[in-house]
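Novice: Below you will find the structure I want to go over with you.
The values are calculated or read from the model by the stated rules, or taken from the named source; none is laboratory data. What you are looking at is a predicted structure, and each value in this text was computed from that prediction instead of being measured. All Cβ positions, glycine included, derive from the backbone under ideal geometry; neighbour counts span all protein chains shown. Calculation scope for accessible area: heavy atoms of the full protein, side chains included, ligands and nucleic acids excluded. Shrake-Rupley method; radii C 1.70, N 1.55, O 1.52, S 1.80 Å.
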Amino acid sequence: LLATQFISRIRDEFHVELPLRSLFHNPSIAHIAHEVEVAQRRGTESQAPAITPVSRRARRVKRSRLAAKNGPSGRGGNGQKSPAQPARKPPAETKPRD
């Protein structure tokens, strides 16, 4: 997680896209600085699409439509298990220890 945050901060600060693996191949500040300089010379700007907010309401409506279409189990049919899915075995009884 820290490596991802580090690469994200480099992207934000220097406007270059570095692969996460570059941090693990040679994890030194000098190497990362060199990678940033090379990326800047090449003009490798971030190609990640902008993150746009999505309405949670639209997602809820979509999920409720799917649930209505597929039945209460979300798998279609009448909500019962198909013969291909055997019922689970009950847990084995355990004997108390002495």
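Novice: If I model a spin label as a point 7 Å beyond the Cα along the Cα-Cβ vector, how far apart are those points for Arg63 and Gln40 in nm?
Specialist: 4.5
Novice: Ordering Val54, Val16, Val61 by accessible area with a probe of 1.4 Å, largest first, what comes out?
Specialist: Val54, Val61, Val16
Novice: For Gln5 and Val54, FRET efficiency with R0 = 22 Å and r from the beta-carbon atoms, rounded to 0.05?
Specialist: After rounding to 0.05, the efficiency reads 0.40.
Novice: Here's a follow-up. Can you pull the accessible area of Phe24 for me, 1.4 Å probe, Å² to the nearest 10?
Specialist: The accessible area of Phe24 comes to roughly 140 Å².
Novice: Residues in the stretch 24-42, backbone N under 18 Å from the label point at His15 (7 Å along the Cα-to-beta-carbon vector): list them, ranges by number please.
Specialist: Only 36-42 fall inside the zone, counting backbone N under 18 Å.
Novice: Taking a 1.4 Å probe, which of His15, His34 shows the most accessible area, and what order do the others take after it?
Specialist: Largest accessible area first, the list is His15, His34.
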